[in-house]
1. Looking at segment 156-175 only, could you name the residues that are of a type outside the set (Ser, Thr, Tyr) and either in a helix (DSSP H, G or I) or touching a strand residue (DSSP E or B) at 6+ places or on another chain (Cβ under 6 Å) (or both)?
2. Considering only residues that are in contact (Cβ under 8 Å) with a residue 12 or more places away in the chain and assigned to a helix (DSSP H, G or I), look in segment 78-106 and name the one that is nearest to the chain's Cα centre (by Cα).
3. Do you know which residues across segment 77-86 are within 18 Å of Arg53 (Cβ to Cβ) and modelled with pLDDT under 90?
4. Take segment 167-189 and flag every residue that is aromatic (Phe, Trp, Tyr) and within 23 Å of the chain's Cα centre (by Cα).
5. In segment 136-147, which residues are surrounded by 13 or more Cβ atoms within 10 Å (Cβ to Cβ) and either modelled with pLDDT of 80 or more or assigned by TED's automatic domain parsing to the domain that holds Ser78 (or both)?
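The values are calculated or read from the model by the stated rules, or taken from the named source; none is laboratory data. Since this is a predicted model, take the numbers as computed values, not measurements. Methodologically, a virtual Cβ is constructed for each residue, glycine included, from the backbone with ideal geometry; neighbour enumeration extends over all protein chains shown.
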Amino acid sequence: MKTGHTCKSYSRLHPFWQRGKIEAGRETQQRFNGPDRRDNGRNIALAKNKFRRRPAIERLLDRISPEPNSGCWLWLGSLTKYGYGILWNDDQQNRHAHRISYELHKGPIPEDYQVDHLCRVRCCVNPQHLEAVTQQENLKRGRDAGFGSLVATAARATQQKARTHCKHGHEYTEENTRLYRGKRRCQECHRIDCVNSYHRLKPKTPPAPEGKRAA
């Protein structure tokens, strides 16, 4: 009497859509471990080299569409919610495509500097349309170009970063500060809120009957 099932009989116990997965995996295993593959290690190495990530400059140039009228290099890859391109650079980091283009064509970006689009097109990665400027100059140019809401948002972020105390007067020290969803959070205010929530949501004990009350 058989105590188990062979691979063929085991696949018959599964539904039709699962049976195809099992047979496809069996074919892949036979293809890599079969007797007809004499140099299996070399073929696996070639397969890994096939999917090796190319340099950032090559992937950058493959995902642009030159615009003949304005000269912009329109980015065809992924975009952020603000319209800036995203590219995985050689340092295994996901960064803005226009900053990578500036560094590849013009050199490193100075510290605390931002890359401004002279053409005012956010998805443009043409290095001739990019310039490294300070944050104040970048905000001024955006205000002059009519991006009032974005400038106001950046100004509020700068104002919040310059604060040293929370709205209740607690200082933003290293022990009293926590990053929560990209924003600073006062630990003392959080502790007070937790205590108030505990006393507010704590179930109240009903009063004891008259006969069972302690004398």
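1. Once the filter is applied, which keeps residues that are of a type outside the set (Ser, Thr, Tyr) and either in a helix (DSSP H, G or I) or touching a strand residue (DSSP E or B) at 6+ places or on another chain (Cβ under 6 Å) (or both), segment 156-175 yields Arg156, Ala157, Gln159, Gln160, Lys161, Ala162, His165, Cys166, His170, Glu171.
2. Within segment 78-106, the match that is nearest to the chain's Cα centre (by Cα) is Ala97.
3. Listed by number, the residues that qualify are Gly77, Ser78.
4. Selection gives Tyr180 alone.
5. Glu137, Asn138, Leu139, Lys140, Arg141
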